[in-house]
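Everything below concerns the one structure shown next.
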Amino acid sequence: MLLPVVIGLLVVFIALGAVASVVVSNRRKLRDRYFAVIRSKGAGGGGDDRDKTLAKQRADIAKKLKEGSDGSQEKKKDKTSLRELIQQAGFETPISRFWMYSAAFAFIVWLMLMLLTHWPMIAKVFVTFTAFLGMPKFFLKWKAGRRQKKFLKEFADALDAMARLLQAGMPMSEAIAMTSREFEGPLKEEMLRIYENQKVGIPLGEATLMTARRVPLPEVHMFATALQIQSETGSSLSEVLGNLSAVIRSRFRLKRKVQALSSEAKSSAAIIGCLPVLVTLGLYAVRPEYISILFTVPKGKVLLGGCGFWMSLGILMMRQMINFRI
């Protein structure tokens, strides 16, 4: 009886993995085309042809940046490879070692379930499978999100500092090196990587594009694009950096305003999500025999599982309704 259920779950997981791999492949190709547009050089013809080529490249870059920073549903579905996710989280761990850590964590969870719980075997297998594939990636995404927030918090000040250094006559590479010495955290690490890559012969625009892969923020893409265009056209980089810093500060102000306006909706959603759990615990404390039917009778377990599923779906829907992206 248990074997068909396990086989069915494995088939479902394999199908979901195949669909996810196709989506990841398509998104990766789109992202590669995006970076190819930014890296592309002007054609080596006459002056008019080169100007037309650069104008077309800048138009394509502006379009890609608009698509990447408009907070659309397509951006929400963007997937990254495991190697990129590890780099975005700030780790240099090889993928093989990541899977070793995931297997060790899943084994510990399996032992705890076998020793401390009396759950059905199918539930233990499902939890262990989630601990192996789900929790480590969730941790990486959480770590990458925190790192990006720390980076963006000081990025505007770093851009202002680089603009002032450029106005004082310092080259861009030395301005980046000075920024890596003055700031801390993820910003220091990424600026230092740009400077070291530039020292070993990688062009400054290409080194910044590598940072844009590790910190996939629209502001970093704009910074990389500004350096790439400046290397091709010789535009005023200090003015561009100053404008980009002003845009980042305006986005911060708008985010704080949106958070203040949506705080009431978030509180209401939290209360609605916690209310069934609190009511269940209250009934269990007052009359355990009344609520324990859900945990002992097979029909009660089915109803409890259905309630958990629909509550989770409702919480996800409320989260999407109040999760405003700027």
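Hand me the list of helices (runs of 4 or more DSSP H) wholly inside the range 219-326 holding 3 or more residues that are touching a helix residue (DSSP H, G or I) at 6+ places or on another chain (Cβ under 7 Å) and surrounded by 14 or more Cβ atoms within 10 Å (Cβ to Cβ). It would help to see each step written out before you state the result.
On the way: elements: 237-286, 288-291, 293-296, 298-322.
Those helices (runs of 4 or more DSSP H) span 237-286, 298-322.
Which is within 30 Å of GLU219 (Cα to Cα), small (Gly, Ala, Ser) and in contact (Cβ under 8 Å) with a residue 60 or more places away in the chain, of SER245, SER263? Spell out the reasoning first.
Working: SER263 fails: in contact (Cβ under 8 Å) with a residue 60 or more places away in the chain.
When all the criteria are applied, what remains is SER245.
Looking for whichever is closer than 30 Å to GLU154 by Cβ and among the aliphatic types (A, V, I, L, M) here; the options are VAL297, VAL240. Which one fits? Reasoning before the result, please.
Working: VAL297 fails: closer than 30 Å to GLU154 by Cβ.
After ruling out the rest, the residue left standing is VAL240.
Can you tell me which residues in the range 274-299 are of a type in the set (Gly, Ala, Ser) and either under 30 Å from LYS149 (Cα atoms) or at pLDDT below 85 (or both)?
SER292
Any residue that is of a type in the set (Phe, Trp, Tyr), part of a helix (DSSP H, G or I) and loosely packed, with under 14 Cβ neighbours inside 10 Å - is there at least one of those in the range 104-112?
Within the range 104-112, the subset of a type in the set (Phe, Trp, Tyr) is 105, 107, 110.
If we keep only those that are part of a helix (DSSP H, G or I) as well, we get 105, 107, 110.
From what's left, loosely packed, with under 14 Cβ neighbours inside 10 Å: 107.
There is at least one residue in the range 104-112 that is of a type in the set (Phe, Trp, Tyr), part of a helix (DSSP H, G or I) and loosely packed, with under 14 Cβ neighbours inside 10 Å.
Of PHE151, PHE129, PHE139, which residue is part of a helix (DSSP H, G or I) and buried (at least 18 other Cβ atoms within 10 Å of the Cβ)? Full working, then the answer.
Working: PHE129 fails: buried (at least 18 other Cβ atoms within 10 Å of the Cβ); PHE139 fails: buried (at least 18 other Cβ atoms within 10 Å of the Cβ).
One residue alone meets the criteria, PHE151.
Among the numbered criteria (1) farther than 22 Å from ARG83 by Cβ; (2) assigned to a helix (DSSP H, G or I), which one does GLY201 miss?
Condition not satisfied by GLY201: (2).
Just to check your reading of the model, which residue among ALA156, ALA177 is at pLDDT 85 or above and under 23 Å from ALA246 (Cβ atoms)? Working first, answer last.
Values: ALA177 fails: under 23 Å from ALA246 (Cβ atoms).
Only one candidate passes the filter, namely ALA156.
The values are calculated or read from the model by the stated rules, or taken from the named source; none is laboratory data. In this text, all values refer to a predicted model and were calculated from it rather than measured experimentally. A quick note on method: Cβ atoms are made from the backbone with ideal geometry, for glycine too, and the neighbour counts reach across all protein chains shown.
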